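Presented below is the structure to which this report refers.
The values are calculated or read from the model by the stated rules, or taken from the named source; none is laboratory data. For clarity, every value in this text was computed on a predicted model and none was experimentally measured. Note that each Cβ is placed from the backbone with ideal geometry, even for glycine, and that neighbours are counted across all protein chains shown.
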Amino acid sequence: MTSMQRMSVMNVSPAAAERVRGLLAHAGEGQGLRVSVEKGGCAGMSYKMEIAEPEKGDEVIDVEGGRVIVDAAAVLYLLGTTMDVQTTQFSSTFVFENPNQTSACGCGESVELQPADPEKVAAASQIGNY
């Protein structure tokens with residue numbers, strides 16, 4: 001990684017990028033799919049998504065004609081995460097492969113997350129792991 005390159009908080013799969021583009025097709029200029037985490041559920045936290053404009057401190061990830069916005073307060077919980085889409089015969093949903101997840105509830109609606117260690121993240125970014 002050169003000094004000009006910047007580590008991306010979260011990776012977005014091609015399938016997720018396609019779904020984001022579809023969701024934003026009729027959204028206003030500058031809007032994106034904003035991802036955050038909030039307290040709740042039986043495991044302690046859940047992912048929240050909404051179509052919105054970036055707020056101060058948010059991380060913006062431009063993906064193949066779409067935009068994913070990571071809430072500033074969620075950055076340490078989402079570092080190294082891959083956002084993907086899981087499709088079954090009856091539904092399609094975003095899924096998160098998150099290295100900061102320590103457990104999940106049985107119903108799949110909430111997760112337990114630990115914030116990433118900023119020192120480990122800085123070291124990994126210097127050797128290209130993030």
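For every residue, the table says whether it meets (1) hydroxyl-bearing (Ser, Thr, Tyr); (2) within 15 Å of Ser13 (Cα to Cα); (3) under 9 Å from the mean Cα position of the chain (by Cα).
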residue	(1), (2), (3)
Tyr47	yes, no, yes
Gly65	no, yes, no
Ala73	no, no, no
Val95	no, yes, no
Asn100	no, no, no
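Just a yes or no: is a residue in the range 70-90 of a type in the set (S, T, N, Q) and either assigned to a helix (DSSP H, G or I) or modelled with pLDDT of 95 or more (or both)?
No, there is no match, as no residue in the range 70-90 is of a type in the set (S, T, N, Q) and either assigned to a helix (DSSP H, G or I) or modelled with pLDDT of 95 or more (or both).
Say we look at the range 19-40 and pick out the residues that are part of a strand (DSSP E or B) and either in contact with a Phe, Trp or Tyr (Cβ under 7 Å, 6 or more places away or on another chain) or at pLDDT 90 or above (or both); which of these is nearest to Val95 (Cα to Cα)?
Step by step, filter the range 19-40, then rank; the result is Val35.
Is it the case that some residue within the range 41-54 is in contact with a helix residue (DSSP H, G or I) (Cβ under 9 Å, 6 or more places away or on another chain), at pLDDT below 90 and either surrounded by fewer than 17 Cβ atoms within 10 Å (Cβ to Cβ) or part of a strand (DSSP E or B) (or both)?
Yes, the range 41-54 contains a residue that is in contact with a helix residue (DSSP H, G or I) (Cβ under 9 Å, 6 or more places away or on another chain), at pLDDT below 90 and either surrounded by fewer than 17 Cβ atoms within 10 Å (Cβ to Cβ) or part of a strand (DSSP E or B) (or both).
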